[in-house]
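Data block below; observations after.
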Amino acid sequence: MSLSMKIQGLYSQSYLDLLTKIGNIAYDMELKAYTVGGFVRDLLLQKPNYDIDIMVEGDALPYAVKVGQELNAECKLVERFHTAHIYYKDLTIDFSSARKEYYGRPGELPIVSFSNIKDDLYRRDFTINAMAMSITPDKPFELVDLYKGNLDLAEKRIKILHPRSFIDDPSRLYRAVRFADRFGFYLEANTEYQFDKALCINAPKTLSIKRIAAEIDKCFQEKNPLTLLSKYQTYGLLKYYHKSFIEYSHPTFSFGIVSALTTRMKRNFPQISENAIFWALLLSNIPEAEVKQLQNNSGLPHSVGNQVSEALDTWANIENKLQIAKTNFEIYKILKDTCPEALALIYLKRNSKDIENKICIYIDKLASIKPIITGNDLIEAGIKPGPQIRQILDKIVEKKIEGIELTRKEEIDLARTIQNI
Ligand code: ATP
């Protein structure tokens, strides 16, 4: 099946029109434009991928500006890297200039110069990610496969483009394991040899903690993060993130449990982050001071950093308090200000049925019990602002937790009675 037929079978007409429009703008500017990387790989695998990477031979910046204008979309330029991002409806379209990369020192970011498609594809991690598809009207949806990526896709293998690949950029070691796991592929013989060689010389040591954290974070987006993490561990890749992972053993629960728990908790905690739960689980056996150090060194993605450190700071302490709670209201009082990720951590790491029951009662039932009235209602009803407002609201919750149903008026009456006592 041709690429053109594949793309028509996979995407809506409006999506195809968008790609065509972006291609036409390039053509009018006498530029050659392509979609590259994961988009093309996934297209050949017949999987939709809405992360569009556009690469042009020439300067991507004026081109991206023009596309932004024509689409009436926000365009963000990153002048330093000659890249740009366009935010169009719910899509992010990335633009880059075809470039050649030279690695001064292994593990560091490369020195970059403008070049052509051949060099741009050659600088990529694996042959399956080194294909492009032309989008200009002279060559609509035509595959550019200079390094036999399509054959490697068909043969289910991960193959580097040159022998120094893993040394130049050891993050590719993590990527190789990730893609092999995602697609059920194997490492081609020479790739495996270079992979082992890079590990033998501890190549990941040259990576910053931030880059390793970014790779771990990507693993949490995969279908089965915990299996993938254990593969990283089998290859000895996790210890470069933190020394404690020399002895890391695979957690006894599966991804399914984390995922089911997150879905279950979403009802009462809509802001819960599954990603943050994974990070908190991963870091839960590392001493607090070292987690702080990781966070200060960008070893935790910004998007989850605060939730993860809050969960790690509180879960053990709260679990201890929970052990002695007797009534539902006591459980409520202990857990009411706990972040949802800490609740999840307590549940996942529990070692007694008692803790499991208490957490479940809270996340499924107690957390949704709230007064109808607010602090402002109480002030309007003549109650003086101050700590008593919180106490009154807690008392109303306590009654509700005991099973007493209250209307709004009954809540205000109850508040007045409490105030008079
Ligand atoms: P995913 O489906 O996980 O998003 P992707 O292939 O789109 O996979 P990205 O990390 O978004 O992965 O990278 C986009 C493209 O950039 C890749 O397909 C690859 O061509 C190139 N690339 C990314 N990281 C590297 C790297 N470390 N070394 C070389 N090329 C890379």
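Numbers below:
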{"item": "Segment 1-125: Cα Rg divided by the 2.2 N^0.38 Å rule of thumb", "result": "1.08"}
{"item": "FRET E, pair R164, N376, Förster distance 45 Å, beta-carbon r, rounded to 0.05", "result": "0.10"}
{"item": "Coarse-grained scattering of segment 278-333 at q = 0.14, 0.18, 0.22 Å⁻¹, given as base-10 log I(q)/I(0) from a Debye sum over alpha-carbon atoms", "result": "-0.45, -0.64, -0.80"}
{"item": "Per residue solvent-accessible surface (Å²) - segment 338-400, probe of 1.4 Å", "result": "45"}
{"item": "Inter-label distance, nm, simple model (7 Å from Cα along the C-beta direction), K156/S208", "result": "3.8"}
{"item": "Rounded accessible area per residue of segment 1-106, 1.4 Å, Å²", "result": "51"}
{"item": "Cα-projected label distance for T263 with I361, points at 7 Å along beta-carbon direction, nm", "result": "2.7"}
{"item": "Cα-only radius of gyration and Dmax that characterise segment 196-346, units Å", "result": "16.5, 59"}
{"item": "Bridge type composition, the chain - antiparallel percent by DSSP, nearest 5", "result": "80"}
{"item": "Gaussian network model of the chain, springs between alpha carbon atoms under 10 Å - residue of N376, N306, N317 with greatest fluctuation", "result": "N376"}
{"item": "Karplus-derived 3J(HN,Hα), 6.51/-1.76/1.60, for each residue of segment 226-235, Hz, glycine and proline x", "result": "6, 5, 5, 4, 5, 5, 4, 5, 4, 7"}
{"item": "Heavy-atom surface of segment 131-284, accessible at 1.4 Å and reported per residue (Å²)", "result": "45"}
{"item": "Separation in nanometres of the label points that stand 7 Å from Cα toward Cβ, at M5 and E74", "result": "4.1"}
{"item": "Relative contact order %, segment 28-79, counting alpha carbon pairs below 8 Å whose residues are six or more apart", "result": "33"}
{"item": "Segment 18-85: radius of gyration and largest Cα-Cα distance (Dmax), Å", "result": "12.2, 35"}
{"item": "Where N is the number of residues in segment 144-202, Cα Rg divided by 2.2 N^0.38 Å", "result": "1.09"}
{"item": "Base-10 log of normalised Debye intensity for segment 62-136 (one unit scatterer per alpha-carbon) at q = 0.12 Å⁻¹", "result": "-0.41"}
{"item": "The chain, accessible surface, carbon-and-sulfur percent (1.4 angstrom probe)", "result": "50"}
{"item": "On Cα atoms only, tilt of 209-219 relative to the major axis of the chain in degrees", "result": "80"}
{"item": "Two-decimal Rg/Rh across the chain, once Rg and the Kirkwood Rh are taken from alpha-carbon atoms", "result": "1.08"}
{"item": "Acute angle (nearest 10 degrees) that the helix 340-349 long axis makes with the longest principal axis of the chain, alpha-carbon atoms", "result": "90"}
{"item": "Helix 408-420 axis, angle to the chain major axis (alpha carbon atoms, nearest 10°)", "result": "60"}
{"item": "Relative contact order (percent, whole number), the chain, Cα cutoff 8 Å, 6+ residue spacing", "result": "9"}
{"item": "Which of Y347, Q221, G382, positive extreme of dipole for the chain (C-beta unit charges)", "result": "Y347"}
{"item": "In range of the label at D51: residues from segment 207-241 whose backbone nitrogen is under 16 Å from the point 7 Å along Cα→Cβ", "result": "211-225"}
{"item": "Residue-averaged 222 nm ellipticity for the chain, from DSSP H runs of 4+ at -39500 (n - 2.57), nearest 500", "result": "-16000 deg cm²/dmol"}
{"item": "Calculated from backbone phi, Karplus (6.51, -1.76, 1.60) coupling profile of segment 167-173 in Hz, x at Gly/Pro", "result": "6, 4, 9, x, 5, 5, 5"}
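The values are calculated or read from the model by the stated rules, or taken from the named source; none is laboratory data. Not measured: the values here are computed from a predicted model. Every residue, glycine among them, receives a Cβ derived from its backbone with ideal geometry; neighbour counts consider all protein chains shown. Heavy atoms of the whole protein, side chains included, go into the accessibility calculation; ligands, DNA and RNA do not. Shrake-Rupley method; radii C 1.70, N 1.55, O 1.52, S 1.80 Å.
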